[in-house]
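Every number here is computed from the coordinates shown, using simple stated rules; none is lab data. Note that the coordinates shown come from a computational prediction; the quantities given were computed from them, not determined experimentally. We place every Cβ from the backbone using ideal geometry, glycine too, and count neighbours over all the protein chains shown.
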Amino acid sequence: MWLILALLSAVFAALTSILAKVGIEGVNSNLATAIRTVVVVLLAWGMVFLTDAQGGIVSISRKSWIFLILSGLATGASWLCYYKALQLGEASKVVPIDKLSVVITLVLAFVFLHEKVTTKSVIGCILIGAGTLLMVL
């Protein structure tokens, strides 16, 4: 199931980029990000209530709160930068650079989460990095 969800995530992320590039034309990138964020918030809370998960909020640990808030701040910063870059540049160049987040995530996972470094993951990182460079030049 995780593979199907991950593939759907990739499809929706691709749609996000194309729809945003069209929608952001003539709109301040910060305003566009705020509108997108409101939609995401409504969708996320809608899913919380639809799945009756709202009761779990009281059992979230202090550590989880801190890291979820930090993650939210990182997401917000990412979206603000992404929308401005998308407004200024070509989607076909901005999106591959944005996807370097895969390489950065793998490196951070190895360093901070002590996830296993494999030959396959190192080669994948190199190929993603090289592919990104090839696409944006």
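Annotations for the structure displayed:
- Residue-averaged 222 nm ellipticity for the chain, from DSSP H runs of 4+ at -39500 (n - 2.57), nearest 500: -27000 deg cm²/dmol
- The trypsin sites (Lys or Arg not before Pro) of region 72-137 that DSSP puts in a loop, and whose beta carbon has at most 12 other beta carbons within 10 Å, are K116.
- Length added when fully stretched, I66-K99, from 0.36 nm per residue minus Cα-Cα: 9.3 nm
- Calculated FRET value between F12 and L133, using beta carbons and R₀ = 30 Å, to 0.05: 0.70
- Convex hull of region 2-89 built on C-alpha atoms - directionally averaged projected area, nm²: 7.0 nm²
- At least 18 Å along the helix axis (C-alpha) and Kyte average at least 1.6, DSSP helices within the chain: 2-23, 29-50, 119-136
- Residues in region 109-124 reached by a label modelled at W2 [backbone nitrogen below 19 Å; 7 Å Cα→Cβ]: 109-122, 124
- The three principal axes of the C-alpha atoms in region 34-137 carry coordinate ranges of 48, 37, 22 Å, sorted with the longest axis first.
- Lysines with Cα under 26 Å of K99, excluding same-chain neighbours fewer than 8 positions away: K21, K84, K116, K120
- For the chain, a Gaussian network of Cα nodes joined below 10 Å ranks L127, L50, L86 by mean-square fluctuation, and the top entry is L50.
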